[in-house]
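Have a look at this one.
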Amino acid sequence: MNVDLYERFWMWSSGGIIAVFIASIIYTSAAQSLQPPSHVETIDPQTARTSPGFAQPSVTLNADGSATVHIMAQMFAFLPTEIRVPRGQPITFRMTSPDVIHGFQIVKTNGNAMVVPGYVTQFTTRFDTPGEYLIVCNEYCGLGHHIMFSTLIVEDDVEMAGDVGAGAGQ
Amino acid sequence: MIASRRLALANFWVGIGAFGIASVMALMQALSRADLDLPWRTPGMYYMSVTAHGVLMALVFTTFIIMGFGYVVTERTLERALVGRQVAWVGFWVALAGTAAAAVAILTGNASILYTFYPPLMAHPAFYIGATLLVVGSWLWCGVILRTWLAWKKDNPGARIPLPLVGMLAAIFVWLLATPGVAAEMLFQLIPWSLGLKETVDPVLARTLFWWFGHPLVYFWLIPAYVVWYTVTPRVAGGKLFSDPLARLVFVLFIVLSTPVGFHHQLLDPGIPAGWKFFHTMNTELILFPSFVTAFTVVASFEVAGRMKGATGWFDWLEKLPWGNPQFSSVALAMLIFAIGGFGGAINAAFGMNAMVHNTAWIQGHFHLTVGTATALTFMGLCYWLIPILTKRELELGLLARVQPYIWFMGMLLFSVSNHLTGLQGMPRRVYEFDYGGSPIAQEWAAGTGISALGGVFLFVSAACFMAVMLGTGLAGKKGYEEDIEFAEPLEPAGDKARILDKMWLWVTIGVVLVMAAYAVPIIQHIMMDTFGSTGFRLF
Ligand code: HEM
Ligand SMILES: [Cu+2]
Ligand SMILES: [Cu+2]
């Protein structure tokens, strides 16, 4: 192909830019293990409301200081409606839906995942800044989509009644 | 003049009509997002309207314009009538009937599930059946053009495929690689499920099949726009196409790379292993390449035009371009907007950064730049060129046509930039309002949504100008306009260069192999897994 000098220059630089993009994605996903939540676990949506963890969705503090949060995303609320978690600790979210698809987004963080009936969404993150965060549903789920939200509070000391150190694992 | 003039026109008019209706819905939505207290404003109305707007713009307007343009390109470049024009008419009516069925379901409030129709939200069966018929009609369109091309090929052994047709064939092959995904979703999942013949569907499988179709869909929108950029606009600008072989390369790369990328829309889905998401993301990066090359070639063609008109300096060729001609300005502005959209797209596709923007207002800011402008504004320019030729009537209201692309451009900058920013501030997309219990975080978004509403008003005014010009031309334009359809000539014809790019079946085969590699294993793995289906929900 007789592409003149300019074409060749442009093609190589386009290729170069794309190579940089690819390299940065490989680097961040391998070296910093920055990966999208891709947990594979199924659950029956018909009985999700009585399944372990989701019967009374809540925050469990583990012995090592980390926490596990079970969340039920349903038309049109997140249960529990308020979540308190410790600052600077690994927080594992486990979520499912008994009805349609919802989105779980902790505003202004990269905590963002789809919640799909029949599946458990799980990811682990950390919050270094204490304060109140807004959680919104970001996938259209019906007439009440825009009223579906809850609150996340990150604190230095989280006192939990009862199940401190129960270590739900996971 | 082409033999299937009326057929092409029929397709154009349906596309233009869909655009007009969807623009009215767009105005209501844009105002609604600014939280104005309007009497008709209810959540039910809003979500119905967004569904109608999304379907009419993204699926109906685009598909019909592309079908009409496809017929024009085929007959004009091959200089022969379509083989099987009756079949083409059948395709038109099937697609139109399907559109009507889906539209009735939506407008009666029985299908407010948005144009992505993710189950377990369940619409009336007429919505799914109608949408399927639209696709079936488009398949007949593909068949007619392919048959005509093959007949020509038999009669002209060894002739180069005309460049505009190479682009159209690429769009057709991308469409044929993409639509089996959504067809499977409709036929095996959504239609039987909505009819009550099947109790449950697996929502992750449905999303996978949808995005198998959903991402190449954007190239189906884009490739015909590229055909305009490469083979129409350089001539309008008064110049020549910079490089014919490079344009062929771009179209062929789309055939190969468009489809094995769908998981990049599902990066945040559960139930899909990270490895597959990674593979699709890599392919996504590769498909940036043809667009980078296009940016260069087309801008270089404009420079050629400016220089042919006597420009000698670094940038004075820009002044020599026909900015007052809407056939040119609409495309040039569409390209400018697309360049901005390209940066955003690279962020969306980045594995890690995607989580910052997924399903936020950023996304609607993004796709109104790409399909909503790069494609839509280009198609408006295409209409300014072809509608007078096809109707044999002079363009009416030329002044409106001249300002319309600029109003769109300004409106889109306001609309899109503000949506990108509110998206970064965490505002979700597709929400009727954003009070969230009086949350102070949500209140920060109000400034942005206000600006986006203002942009929406500009866009609506521009759309109204376009509709006025089209209807004015079609109904009252002065008769007797006679002009032939001419495409841009290349600086250097392809000649014998890169003949391998004409071997369409080779590229289609590679495309099929890549689709298999990208989807066969994950879908089979998924079907083998013990999953629980979902029953339908209707809360709208
Ligand atoms: C007339 C100018 C336009 C205006 C004012 C406008 C405005 C809007 C607004 C406000 C939304 C709702 C966003 C949300 O709630 O998430 C929307 C959605 C959408 N628009 Fe437009 N738009 C325009 C033109 C277009 C064009 C030309 C296209 C494509 C060809 C397009 C495609 C879409 C799509 C696909 C959606 C998505 C609906 C969804 O999220 O399900 N729009 N538009
Ligand atoms: Cu929801
Ligand atoms: Cu929602």
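Report yes if some residue within region B:15-33 is among the aliphatic types (A, V, I, L, M), assigned to a loop (DSSP other than H, G, I, E, B), open to solvent by 20 Å² or more (accessible area, probe 1.4 Å) and touching a helix residue (DSSP H, G or I) at 6+ places or on another chain (Cβ under 7 Å); otherwise report no.
So the first thing to find is which residues in region B:15-33 are among the aliphatic types (A, V, I, L, M), and the list is B:16, B:18, B:21-22, B:24-28, B:30-31.
Next, only the ones that are assigned to a loop (DSSP other than H, G, I, E, B) stay: none.
The answer is no, given that none of the residues of region B:15-33 is among the aliphatic types (A, V, I, L, M), assigned to a loop (DSSP other than H, G, I, E, B), open to solvent by 20 Å² or more (accessible area, probe 1.4 Å) and touching a helix residue (DSSP H, G or I) at 6+ places or on another chain (Cβ under 7 Å).
Can you name the condition, by its number, that B:Asn110 falls short on among (1) more than 30 Å from B:Ser243 (Cα to Cα); (2) free of Cβ contacts under 8 Å to residues at least 24 places away in the same chain; (3) more than 14 Å from every other protein chain (Cβ to nearest Cβ)?
Tallying (1) more than 30 Å from B:Ser243 (Cα to Cα); (2) free of Cβ contacts under 8 Å to residues at least 24 places away in the same chain; (3) more than 14 Å from every other protein chain (Cβ to nearest Cβ), B:Asn110 fails exactly one: (3).
All but one of (1) open to solvent by 70 Å² or more (accessible area, probe 1.4 Å); (2) assigned to a helix (DSSP H, G or I); (3) of a type in the set (A, V, I, L, M); (4) farther than 30 Å from B:Gly411 by Cβ hold for B:Leu475; which doesn't?
Going through the list (1) open to solvent by 70 Å² or more (accessible area, probe 1.4 Å); (2) assigned to a helix (DSSP H, G or I); (3) of a type in the set (A, V, I, L, M); (4) farther than 30 Å from B:Gly411 by Cβ, B:Leu475 breaks only (4).
In region A:53-73, how many are part of a strand (DSSP E or B) and either farther than 17 Å from A:Gly142 by Cα or open to solvent by 30 Å² or more (accessible area, probe 1.4 Å) (or both)? Don't jump to the end; show me each part of the working.
As a first pass, look at region A:53-73 and keep what is part of a strand (DSSP E or B): A:59-61, A:67-73.
Next, only the ones that are either farther than 17 Å from A:Gly142 by Cα or open to solvent by 30 Å² or more (accessible area, probe 1.4 Å) (or both) stay: A:59-61, A:67-71.
Total satisfying the criteria: 8.
Let me ask something additional. If B:Val461 satisfies every condition in (1) under 28 Å from A:His146 (Cβ atoms); (2) at pLDDT below 95 but one, which is the exception?
(2)
Oh, and also: If you take just the helices (runs of 4 or more DSSP H) that sit entirely in region B:174-278, which of them hold at least 1 residues that are away from chain A (no Cβ under 12 Å) and in contact with a Lys or Arg (Cβ under 7 Å, 6 or more places away or on another chain)?
B:191-194, B:233-236
Oh, and also: Looking at B:Ala225, B:Ala184 in this structure, which one is of a type outside the set (Ser, Thr, Tyr) and in contact with a Leu (Cβ under 6 Å, 6 or more places away or on another chain)? Walk me through how you get there before you give the answer.
On the way: B:Ala225 fails: in contact with a Leu (Cβ under 6 Å, 6 or more places away or on another chain).
Just a single option satisfies the conditions, and that option is B:Ala184.
Could you look through region B:522-540, keep only residues that are touching a residue at least 40 places away in the same chain (Cβ under 8 Å), of a type in the set (A, V, I, L, M, F, W, C) and assigned to a helix (DSSP H, G or I), and pick out the one that is surrounded by the most Cβ atoms within 10 Å (Cβ to Cβ)?
Only one residue tops the list, namely B:Ile523.
Given the conditions (1) open to solvent by 40 Å² or more (accessible area, probe 1.4 Å); (2) within 25 Å of B:Met25 (Cβ to Cβ), report the number of the one that B:Gly130 does not fulfil.
Failing condition for B:Gly130: (1).
Shifting gears a bit: Taking region A:104-155 on its own, how many of its residues are among the aromatic types (Phe, Trp, Tyr), more than 12 Å from ligand 3 (Cβ to nearest atom) and more than 24 Å from B:Gly533 (Cα to Cα)? I'd like the intermediate steps shown before the answer.
Pass one, region A:104-155, residues among the aromatic types (Phe, Trp, Tyr): A:104, A:119, A:123, A:127, A:133, A:140, A:149.
Applying the additional criterion that residues be more than 12 Å from ligand 3 (Cβ to nearest atom) yields A:119, A:123, A:127, A:133.
Checking which are more than 24 Å from B:Gly533 (Cα to Cα) leaves us with A:127, A:133.
The total comes to 2.
Moving on. Going through region B:414-435 one residue at a time, which ones are assigned to a helix (DSSP H, G or I) and crowded, with 18+ Cβ neighbours inside 10 Å?
Answer for region B:414-435, where residues must be assigned to a helix (DSSP H, G or I) and crowded, with 18+ Cβ neighbours inside 10 Å: B:Leu414, B:Phe415, B:Ser416, B:Ser418, B:Asn419, B:His420, B:Leu421, B:Thr422, B:Gly423.
Which condition from (1) buried (at least 24 other Cβ atoms within 10 Å of the Cβ); (2) under 27 Å from A:Val115 (Cα atoms) is the one that B:Val144 breaks?
(2)
I'm checking my understanding of the structure. Among residues of region B:34-53 that are within 16 Å of ligand 3 (Cβ to nearest atom) and within 22 Å of B:Thr370 (Cα to Cα), which one is least open to solvent (accessible area, probe 1.4 Å)?
B:Thr51
For B:Thr208, indicate whether it is in contact with a strand residue (DSSP E or B) (Cβ under 6 Å, 6 or more places away or on another chain), of a type in the set (Ser, Thr, Tyr), farther than 24 Å from B:Arg80 by Cα and touching a residue at least 24 places away in the same chain (Cβ under 8 Å).
The answer is no for B:Thr208.
Okay, moving on. With region B:305-404 as the region, which helices (runs of 4 or more DSSP H) entirely inside it contain at least 3 residues that are away from chain A (no Cβ under 14 Å) and buried (at least 21 other Cβ atoms within 10 Å of the Cβ)?
In region B:305-404, the matching helices (runs of 4 or more DSSP H) lie at B:326-349, B:361-369, B:376-391.
Does any residue in region A:53-68 that is closer than 14 Å to A:Phe93 by Cα come within less than 6 Å, Cβ to Cβ, of a residue that is of a type in the set (Val, Ile, Thr) and open to solvent by 20 Å² or more (accessible area, probe 1.4 Å) six or more places away or on a different chain, and which pairs are these?
Taking only residues 6 or more apart or on different chains, the pairs are A:Leu61/A:Val164.
Filter region A:97-136 for residues that are more than 7 Å from every other protein chain (Cβ to nearest Cβ) and assigned to a loop (DSSP other than H, G, I, E, B) and give the result. Please lay out each step first, then the result.
First, the residues of region A:97-136 that are more than 7 Å from every other protein chain (Cβ to nearest Cβ): A:97-98, A:102, A:104, A:106, A:109, A:111, A:115, A:122-133, A:135.
Passing the criteria: A:Ser97, A:Pro98, A:Thr109, A:Gly111, A:Arg126, A:Phe127, A:Asp128, A:Thr129, A:Pro130.
Output the residues belonging to region B:95-127 that are open to solvent by 40 Å² or more (accessible area, probe 1.4 Å), more than 15 Å from ligand 1 (Cβ to nearest atom) and either aromatic (Phe, Trp, Tyr) or not in a loop (DSSP other than H, G, I, E, B) (or both).
Within region B:95-127, B:Leu96, B:Ala97, B:Ala100, B:Val104, B:Leu107 qualify.
From (1) part of a loop (DSSP other than H, G, I, E, B); (2) surrounded by 15 or more Cβ atoms within 10 Å (Cβ to Cβ), pick out the condition that doesn't hold for B:Asp496.
With (1) part of a loop (DSSP other than H, G, I, E, B); (2) surrounded by 15 or more Cβ atoms within 10 Å (Cβ to Cβ) applied to B:Asp496, the lone miss is (2).
Tally time: how many residues in region B:436-460 are within 16 Å of ligand 2 (Cβ to nearest atom) and either open to solvent by 40 Å² or more (accessible area, probe 1.4 Å) or not in a helix (DSSP H, G or I) (or both)?
Residues in region B:436-460 being within 16 Å of ligand 2 (Cβ to nearest atom) and either open to solvent by 40 Å² or more (accessible area, probe 1.4 Å) or not in a helix (DSSP H, G or I) (or both): 1 in total.
Any residue in region B:491-513 that's farther than 30 Å from B:Glu303 by Cβ: show its pairings with residues that are not in a helix (DSSP H, G or I) at Cβ separation under 8 Å, as long as the two are six or more apart or on different chains.
Short answer, once both residue conditions are applied: B:Met504/B:Ile161; B:Gly511/B:Ser258; B:Gly511/B:Thr259.
All but one of (1) more than 16 Å from ligand 1 (Cβ to nearest atom); (2) facing chain B (nearest Cβ under 8 Å); (3) open to solvent by 20 Å² or more (accessible area, probe 1.4 Å); (4) modelled with pLDDT of 90 or more hold for A:Leu143; which doesn't?
(1)
For B:Leu9, only one of the following conditions fails: (1) farther than 27 Å from B:Phe487 by Cα; (2) open to solvent by less than 30 Å² (accessible area, probe 1.4 Å). What is its number?
Condition not satisfied by B:Leu9: (1).
The values are calculated or read from the model by the stated rules, or taken from the named source; none is laboratory data. The structure displayed is predicted, hence computed values, not measured ones. Here Cβ is always computed from backbone atoms with ideal geometry, including for glycine, and neighbour counts include all displayed protein chains. Protein only, heavy atoms only, side chains kept; ligands, DNA and RNA dropped before computing areas. Shrake-Rupley method; radii C 1.70, N 1.55, O 1.52, S 1.80 Å.
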